[in-house]
Every structure is written in structure tokens, then in C-alpha cells.
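Peer 1: Mind looking over this structure? Questions follow.
Coordinate-derived values only; no laboratory data. For clarity, every value in this text was computed on a predicted model and none was experimentally measured. For neighbour counting, all protein chains shown are included, and Cβ atoms are generated from backbone atoms with ideal geometry for every residue, glycine included.
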Amino acid sequence: MSRVQSGFAALVSPSVSRAVSSILACCLIATVPQAQGAAPDRAAAMQAAIAAAESQPTPRTADGRPDLSGFWQPPGAGAGGVFGIAKPIESEGGKRLTLALPPVTIGNRTDIENAARRAAATDLRPTYKPEFAAKAKFNFDRGDLEDPTYGCVNPGVPRMGLPSEVVQTRTAVYLLYATQNRYRIIPTDGRKHDPGKETLPMGDSVGTWEGDTLVIDTRNISEDTWLDKDGSYHSKDMRVVERLSRKGNALSIDVTVHDPIFERAFQPKPGQGSPSGMLLLGAPGSHVLEDYPCIERSREHMLSGEKH
């Protein structure tokens with residue numbers, strides 16, 4: 001799968017991402033103008049959906065813990081198109097899908113504007129100690145060429161984002177991700193970190209309960225991963241703490257990243273691609289589907305390091 005297809009898979013529900021990926025592969029995409037004035041209504045609808053989900057009773061396991069199990073989706077998932085603009089239109093016979101995409105000229109302009117906004121929004125990235133800031137700036141400026149996820153490398157924790165399904169047992173919690181068939185196993189049986197474990201993108205995770213909150217502590221994460229697409233790098237001593245709390249049919253995940261090369265702990269803001277955010281319980285019986293494999297097709301077409 002190309003990086004474009006992989007990106008779509010991360011933005012939409014698994015069933016839609018599979019359909020969109022197939023269509024992308026066949027180049028059967030039409031564009032229509034972006035809907036105007038939809039953002040305020042969409043935000044209000046999302047807040048209403050969150051409030052309704054939180055008002056439901058919180059299920060618990062036999063040992064009294066909140067049951068985090070379920071198929072989880074961002075608020076409003078499935079209500080809009082690939083970019084949350086409008087629902088895609090399927091042709092008769094289902095052989096063509098028309099997506100609500102803005103014209104290419106708008107997309108290109110948005111890319112440039114987004115890069116400028118991200119450069120100015122320094123709170124979206126860790127604040128590095130002075131002796132480490134130059135490398136962070138270099139990575140940001142050359143992110144489209146140096147990104148370690150090119151070549152289908154696992155983005156690692158915390159960049160792999162929010163899980164799409166959680167399975168909770170008495171001794172472990174399993175996190176399943178909608179893109180590229182990734183998963184994590186979080187032991188909750190009281191074990192400590194394994195000092196002899198090999199350094200890997202997803203690191204070494206253990207979970208403990210603090211009241212009704214599951215706290216996942218991850219260490220030993222390989223240094224050849226970034227926290228985001230903007231080149232936010234880390235040292236071998238990075239530690240990622242995720243806090244998962246369920247209220248009714250809503251699951252909140254808050255992430256804090258600790259690293260001695262940062263001036264202070266970094267908390268990613270909720271948003272597209274962020275490991276922090278709010279998820280709502282999906283339809284009963286829904287599960288993460290098998291995703292297409294990743295096949296790198298982008299590098300050979302890169303002409304410059306222009307920031308997108």
C-alpha cells in the first residue's frame with residue numbers, strides 16, 4: 001500500500017478505509033467542492049455525541065475495573081467523508097466512489113499554509129533544551145525527506161496514535177490499531193519492565209491501575225522513531241505514559257512524554273493523528289479489519305524537501 005492509502009486508512013473507519021484504498025489503487029476518484037460552514041456544526045455535533053456517550057453507565061469487569069473493551073472510534077467517525085467534509089457518494093453498482101475532496105489548487109495551498117501554521121505553533125512539539133534544538137529544527141525543515149516512517153517502518157509509541165479496539169482481560173490489555181495490522185500487548189499482572197528486552201519502536205510497556213484509570217508506562221523505545229511528522233525526535237531514555245479512562249461509552253486517552261533532552265514533559269494535543277484524544281464506542285459487534293500491507297511507493301517520486 002502506498003503512503004497515500006495508508007494515510008486514508010488512519011483517518012477513516014476500517015470498512016471505509018478498505019473501500020477507499022481499493023478505489024485509490026484503481027484511480028477512480030472524483031472531486032467536488034468543499035462544503036462551506038460545516039466546521040461549527042460538526043464541532044457541536046461531536047460535543048453532543050461525547051456528552052451522550054458519557055451519560056451511559058460504565059460497564060465493569062468481574063474484579064470491579066472499568067471495562068475498556070470495545071471497538072472505539074473518534075467522535076463523528078463515519079458521519080463525514082474522508083476529510084470530514086461530506087459522505088462519499090457511491091454509484092449504482094458500487095463501482096465508483098465520489099469523495100468530497102477540495103480541488104487540487106486548494107489542497108496545495110492548504111499544504112503550504114499548514115506547514116507555516118505548524119512551524120509557528122511550537123506548542124504542538126516538545127520544547128528541547130538548547131543543545132538539542134538545532135537537530136529538531138533540521139528534522140522539521142526536512143521532514144518530508146527524513147521521516148523514518150518512509151519505507152513502511154513502524155512509527156512506534158506514541159506516534160502510532162489511538163487504538164481502534166481494546167480487549168481487556170484480568171492480566172493484560174490488548175490494543176489493536178486500524179492501520180497496517182499493528183497491535184500492542186500491555187501486561188497488567190504486576191510485572192516490572194524487562195531490562196534485557198530489545199529496543200523496538202513500540203518499546204516495553206507495562207500497565208497498572210490507579211483507581212479507575214489504566215496507566216501504561218512505556219520505555220526502551222528505539223531512537224530511530226519520531227513523535228510526529230514534524231521531526232520531533234527523542235533519546236533512548238524517553239518514557240511515554242498513557243492514561244486510559246472510560247466514562248460511559250467514551251474512552252479518553254491522555255499521553256505525556258518524558259525525555260531528558262526536553263525542557264519539560266510534553267503532552268500531545270488531541271487532534272488528527274495525535275495519541276491523545278477522546279474515542280466513542282462503536283457499533284456492537286464491530287472489530288478491526290485486516291488492513292492492506294504497506295508497500296513504499298513514495299520515495300522514488302520525491303523531488304524536494306518541500307514541507308507539507
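Peer 1: Given the pairs Lys229/Lys269; Lys135/Lys236; Lys95/Lys229; Lys129/Lys192; Lys135/Lys197; Lys247/Lys269, which span a C-alpha to C-alpha distance of over 22 angstrom in this model?
Peer 2: On the way: Lys229/Lys269 14 Å; Lys135/Lys236 15 Å; Lys95/Lys229 34 Å; Lys129/Lys192 30 Å; Lys135/Lys197 28 Å; Lys247/Lys269 20 Å.
From Lys229/Lys269; Lys135/Lys236; Lys95/Lys229; Lys129/Lys192; Lys135/Lys197; Lys247/Lys269, over 22 Å: Lys95/Lys229; Lys129/Lys192; Lys135/Lys197.
Peer 1: In whole Hz, what ³J(HN,Hα) sequence does region 208-221 give by Karplus (6.51, -1.76, 1.60; θ = phi - 60°), x for Gly and Pro?
Peer 2: 9, 9, 10, x, 9, 10, 7, 10, 9, 10, 10, 9, 6, 8
Peer 1: Another one. Run the simple label-point estimate for Thr171 and Arg299 please: 7 Å along Cα→C-beta, distance reported in nm.
Peer 2: The answer from the label model is 4.1 nm.
Peer 1: Could you tell me whether region 179-241 comes out rounded, prolate or oblate from its Cα gyration tensor? Rule is a ≥ b ≥ c as square roots of the eigenvalues, rounded for a/c under 1.5, then prolate if a/b exceeds b/c, otherwise oblate. Intermediate results must be reported in sequence, preceding the final value.
Peer 2: On the way: a/c = 1.76, a/b = 1.54, b/c = 1.14.
Note, shape of region 179-241 comes out prolate.
Peer 1: Can you classify region 166-293 as rounded, prolate or oblate using the Cα gyration tensor, where a ≥ b ≥ c are the square roots of its eigenvalues, rounded means a/c under 1.5, and otherwise it's prolate if a/b beats b/c and oblate if not? Mind showing how you got there, number by number?
Peer 2: Details: a/c = 1.43, a/b = 1.30, b/c = 1.10.
Because its axes are fairly even, with a/c under 1.5, region 166-293 counts as rounded.
Peer 1: Take peptides 222-234, 168-180 and line them up by average Cβ neighbours within 10 Å, highest first, as a rough protection proxy. Don't skip to the answer; put the middle values down first.
Peer 2: Details: 222-234: 20.1, 168-180: 17.3.
Per-residue mean Cβ counts within 10 Å order the peptides as 222-234, 168-180.
Peer 1: To the nearest 20 debye, what charge dipole does region 214-267 have about its Cα centre, counting +1 at the Cβ of each Lys and Arg and -1 at the Cβ of each Asp and Glu? Write out the running numbers ahead of the final one.
Peer 2: Values: 8 positive and 10 negative charges, 71 e Å.
Value, rounded to 20: 340 debye.
Peer 1: Could you give the size of the charge dipole of region 150-292 about its Cα centre, using +1 on the Cβ of each K and R and -1 on the Cβ of each D and E, expressed in debye and rounded to the nearest 20? Can you show the working numbers first?
Peer 2: Numbers: 16 positive and 19 negative charges, 57 e Å.
So the magnitude is around 280 debye.
Peer 1: Step through the residues of region 268-274 one at a time and calculate ³J(HN,Hα) from phi using the Karplus curve (6.51 cos²θ - 1.76 cosθ + 1.60, θ = phi - 60°), rounding each to whole Hz and writing x for Gly and Pro.
Peer 2: x, 6, x, x, 4, x, 6
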